[in-house]
Every structure is written in C-alpha cells, then in structure tokens.
1. Is any residue of segment A:48-67 close enough, with backbone N under 20 Å, to a label point placed 7 angstrom from the Cα of A:Val265 along the Cα-Cβ axis, and if so, which?
2. Given A:Lys133/B:Lys58; A:Lys29/B:Lys108; A:Lys32/A:Lys274, which pairs have Cα atoms separated by over 23 Å?
3. With a cut-off of 20 Å, note down the residues of segment B:121-147 whose backbone N falls inside the zone around a label point 7 Å from the Cα of B:Leu312 toward its beta carbon.
4. Sticking with the crude label model, points 7 Å out along Cα→Cβ, report the distance from A:Val4 to A:Ala224 in nm, one decimal please.
5. If you roll a 1.4 Å probe over chain A with all protein chains in place, what percent of the accessible area is carbon or sulfur?
6. Given the options B:Phe179, B:Phe241, B:Phe56, which has the most mean-square fluctuation in a GNM of chain B, springs set between C-alpha atoms less than 10 angstrom apart?
7. Just how much of B:His287 is accessible, in Å², when a 1.4 Å probe is used and the result is rounded to the nearest 10?
8. Select from A:Gln210, A:Gln286, A:Gln46 the residue whose mean-square fluctuation is largest in a Gaussian network model of chain A (Cα-Cα springs shorter than 10 Å).
Amino acid sequence: MTDVPDRDVLLEMQRRMIRIRRFDERASKMVKRGQIPGTVHTSIGQEAQVVGATMALGTQDYMTGNHRSHGHPIGKGAPLGPLMAELVGKGTGVCKGKGGSLHLADFAVGSLGESGIVGSSIPIATGAGLSAKVLGNGRVALAFFGDGAANQGCLYEAMNIAGVWKLPVIFLCENNQYALSTPAHTVTSGVIADRAAGFGMPGVRVENGQDVLAVYDAVSTAVARARADEGPTLVEVVTYRFNEHSEGLRLGVDYRNADEKAEWVAKDPIELFKAELVRRGVATEQELDQLAADVLAEVDEAVRFTDESPYPDPSVAFEDLYTDQPQQPALAGAHQ
Amino acid sequence: MTVMSYLGAIGAAQREAMQADERVIIIGEDVEANVYGTTGGSGKSRAQQGDFLQMFGKNRIRNTPISEEVIVGAAAGAAMTGLRPIVDLSYSSFLYMAMDQFVNQVAKNRYMFGGQASMPVVFRSAMFYGLNTGAHHSDRPYPMFMNVPGLKIVAPSSPSDAKGLLRAAVDSDDPVLIFEACILWGTKEDVDENEYRTPLGVGRTLRTGTDATIVAVSGAVPEAVAAADALAQEGISVEVFDPRTLVPLDVDGILQAAAKTGRLVVADPAHRTCSASSEISALAAEHIFDQLKGPIRRVTTPDTQIPFSPALEKQLYPNRSTIADAVRASLGERRHGTDGANGRTIADDSIDVKEVPAS
C-alpha cells in the first residue's frame, strides 16, 4: 500500500470525479438538445477508475485514451472550457474544433490524445515512455484502453516491447465489462490482468474499480515502479458505465439486465467517496456539498465560454496538416 | 566529394543526423547488426569505423522485435514527446502491418489535435522490386500513402539525393516516409561528404530537351535518363524531370517541364491505377492542357501482382526500352497533328533500343 494521500489530494480526487460527472451529464443533455453534433461517450460511473489513475500521475506525465474520452483530460487537470468548446466544435476548442468528443487532447497537461480507433493509442503511449527513457526525464506514460481493446494485437506488441525495453509505461485496462453490447467474458479468454505474466511484468486486478483509493493505490505502485526504471505494469480495473455505450444510442436488445445495472449504480464512486471522506473526517458533508456546487459552477462557466465562442473560420480546415506549409487547397479546388 | 553508393549515402546521412542531434534515434529490426548496411560506418565498413551500436549505444540504436504496429506507433509517440526517430522498416511491404498507426495516428495526430502535436519522424523502407523476391517483398506502395494527407513522401533516385533528402526529412517536424529502390542500392556517384540538405518539394532536371518530357519516379529515373540518351542518338531531344518527393510535389517544376515540350511521358514503377503517374498526369491535364500537343502517356507497372520467376517479373516494370517507346509514340502523334511541319516521322518500331539490365 502506498501512503494515504493528504487532505488536499483527497479533496481534489472528489473534485475531479464530480467534474467528470457534471461535465458528462451536461454534455449528454446538450446532445439531446442537438447542441453537440456527432457522437459522445460518457464516463459516468467510471469516475473512480479515471481519477484514481490520473491523480497517480504528475502533470508532466503522459497519457493516451480512447473514444470514452472526456474523463481522461478532466482527470489529468485540463480546464473545462476548451474541452466543452471542442465538443460543440467551436474555434476555442482544445483542438480548434478539429477533434471533437472522440479526439480530445490537451498537451499542456500531458494528454497526448484520445483515439477513436480501439487500441490504436496504446503504441503512442508506449512511444512516450520510450522518449522518457531515452531522454531520461523521469516521466511516465499511461495508456487507457477498454476491455474491448484488450483483444487488439497492438496491445501485445506494445506490452512486449515495453517489457523488453523496460519502458516507464502503465497499461491501464478500463474493464467496464462490455465492448458496446458484447460482454467481455464472451470474447475474452482468461483474465486480462493475468496476461501480464506472459510478458514478465506485474499484472494487477482492481476488483473494486468504484473505489478511487483502490485504483489510486494500484496505479501509484505502477508509477513508482516505472519511475524507478523497473519497467511497465498492466493494471486492470473492473468498473461499469452507467449510461448507454454512446449518448442517444437505442439498441433493440437489453444486453445488460436491470438487476446488474441497479447493483452497479448503487456503487456510485462519487457517493462512496463522499461517505468515505466524511467517515475519515477529511471534510464535512456540508463542505463536500459546497465542493460539488463549486464544480457545477465551473461547468456552467465552461458552457458559457462555449456559447460565447465563435465557430472556426472555414480556412482552419486547411491548417495544422503540416508544420511548414499550407496543404494545397488552391490546387485541390481552384482549377475547375 | 566522395564516391558513395545509394546505400552508403543513406548510411552517411543517418550517421550525420545521429551526430548532429541527440534526439535522433534509430529504431528497427536488425539495425544493431547493420543487416541492411545503413547503420555501419561508411557503407558496410563496420570493422574500420565501428558500427552505429558502438558509436551511439543501445539507448539510441533500438533493435526491435518484429512488431511493425508498435514500432511505427511508438516512434510516433516518441516523436510527439521530444525525440526525432528514424525508423528502418526494411521492406516497404511491411508497412501494411502498421497501416492503422500510419493512417490513424502518424498522419492525423497533428491535425486532429489542432496543431498541438508535431511529428518529427522518418520511416525508411526499401522496395525490393525487380530482385525476384516474389509478391510479398516487391511492392512499390508510395501511391497509397500519397492518398493520406499529413504524410510527406520521398522517393530518392540517386546517392546524392538519398543523402540530402534524408537529412531534410530528419529536420522536418512532420512525418516523412522515404521509399528507397533496392535496384538503386549499388548506384554510385560523387557525393558531398559535408552536411547538406536537399529540400523536400523541389524536383530536379536531369536532362534538358525540346521534343518530349519524361517525368520519372524512383527507380524509373535512371531508366528514363538512359532512354533519353538513347533517343538523343536518334535526334530526339528529351527533357527528364525527377520530382524527388511526391508529397510535397513540385507541381510547378513538373508543369514547366511538360509545357516546355508539350509532350509528356510519365514513368512510374508503381501499379498503374491511382499511381504517382496518375496524379502527375491529372495535374498536367488540369493545368496545361492547352499546351500539350498530344495525349499524356504513362509507363507503369501493370495492375497485376508481382510474380517470382525472372521470366515473368522483368517485363513488368518501366525500363529504358518501354519508356523510349512511349516517347516515340508521343512524337508519332505529330504525324496526325498540326505541328508536324518539320516532316520527321518516327515509326514506333523503327529503332531497336536494346534493353539493358538495371545496374
């Protein structure tokens, strides 16, 4: 067990979990109202798993993620305004409106990008670990991926090379038990965490992924190991998403039964941690309610920032492809 | 100046780049053992100068497992976080193993994240066509990657270009794929042993001429030059232009070279459909149609897979004979055109240019 974090860290965990919850609740509403185009996947229900992992990292550490993408940068400490503006497609978005919900990235907090292709960002995090190792800058890299991505081949190429090169990488499997509609146990042979053994690295399974401290503890151990140049760790966190795979998705089949859902919704990570903080005497219920109210105001402010932001100029579509030249819109379209 | 082979020039550029900048590392299969001859001393002289492993150490010479997807993705992630990797993917056909990383990560991350990422990484690979290695090793896949915005595509055809373009590629903050033609590996010429860069996006005129223009790509370039020299014996003056990089493409250079003579032949060892020659031809048709005196002609590899047997493979690629034939055919158009006033008529089969094997 790592040491129990001090009061500020504990309260920051709760703050970031609530930030994710309120941000995603608002995003969900905005999807329903037609204010957010495209597709949105919320992290509601998985906040402990996200924050336990991201709080175990430093701001300088690297992280990549996946399509369930808002929680990771929020957990890493990214400001909410540019994230919300990105979801709407505004020019002030963290990616200038070119990424959207599926592709949030905030390099200022080490968020190297969320990938819409399942598993595809795992090699990127591995490479961030390689640069940390070659440059000797003491940073570590964490790759978030789901139980679905646990069956992508690139994970095992990455675990092998990280193992053989002893890279400072944490492979963090967010096992929310369903790849869209497909139950993990029907497509996954054995236990994901056990697969680490084949690569000579520790494999840790956090059974109660709704407990932010349990996740924090496991990931902190992995981070310490990585910083000590002892190599990578695979951490599997068992959790559950409370919402549908994506907002607005209506499937004809009820692939998750009501009892199971109710059982997990009762294990709300934010409520559980609130009770724990009160029990430990870290904060009073009233103080924690105030913290939640403050976060709600932050989300309101992010939405106000988004509303007041302009859409990007159409010319922005031709920027950022290369560093040293405009892509050739003139050649592409000017000679009809 | 020093005489260098194409392969030796690549090795020299890699050594220079490694010495110039500690952020440059080399990642790839068999790079420790210098199997392909570009991670040794000058050329393959390991014993004299020591190899890269001795010079730069294991931290910067990264011998990899056979795992193209993570090699490419990890190089991209390393490039996004402060390194400038050169990746040796050996055979160009192996790039397909990492197609997701190339297309979804390497090419898109800068754009998708609104310019937050820069991606200074070079991916080298060799096209083993014409060497009887069969369908799995003979691909010339650069056109596929030309269709992926965000990548820069380089196809050097000479030792001096191989060296200068590689240095420019390492300097680039964008991902660069370099496609090296193995049939050129042994080509030798005088190369500046000092550091120099050949800018990406600037083509080179190898022959100046007035009757027809050949725009040639990669391994077709020396063949185009040989064709031009043979045609000169017949009194046909041919301009030969090598774009050298396919993205960015020297559009102005290509169009000026083609417009100068009004007859364009494009020689490209890739498969015909959606090849570099397709793009070059389309650009000419779009921009200088009025200055063309006849149809654009393409000399490419036909849309078939590459067979193993020398009896089958050799005929497939553009060579000096087929390129020269295409030039003659384009001039033959003059007999029916309005500018045939000088009276020269050239039958397609009137001159026998002996096919000479590529060096």
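1. A:48-49
2. A:Lys29/B:Lys108; A:Lys32/A:Lys274
3. Inside the label zone: B:128-141.
4. Output for this residue pair reads 1.7 nm.
5. The value for chain A is 52 percent carbon and sulfur by accessible area.
6. B:Phe56
7. Counting only protein heavy atoms, B:His287 exposes about 40 Å² to solvent.
8. Result for chain A, Cα springs under 10 Å: A:Gln286 fluctuates most.
The values are calculated or read from the model by the stated rules, or taken from the named source; none is laboratory data. Values in this document were obtained by computation on a predicted structure and should not be read as measured data. Glycine gets a Cβ as well: all are built from the backbone with ideal geometry, and neighbour counts include every protein chain shown. Only protein heavy atoms, including side chains, enter the accessible area calculation; ligands, DNA and RNA are left aside. Shrake-Rupley method; radii C 1.70, N 1.55, O 1.52, S 1.80 Å.
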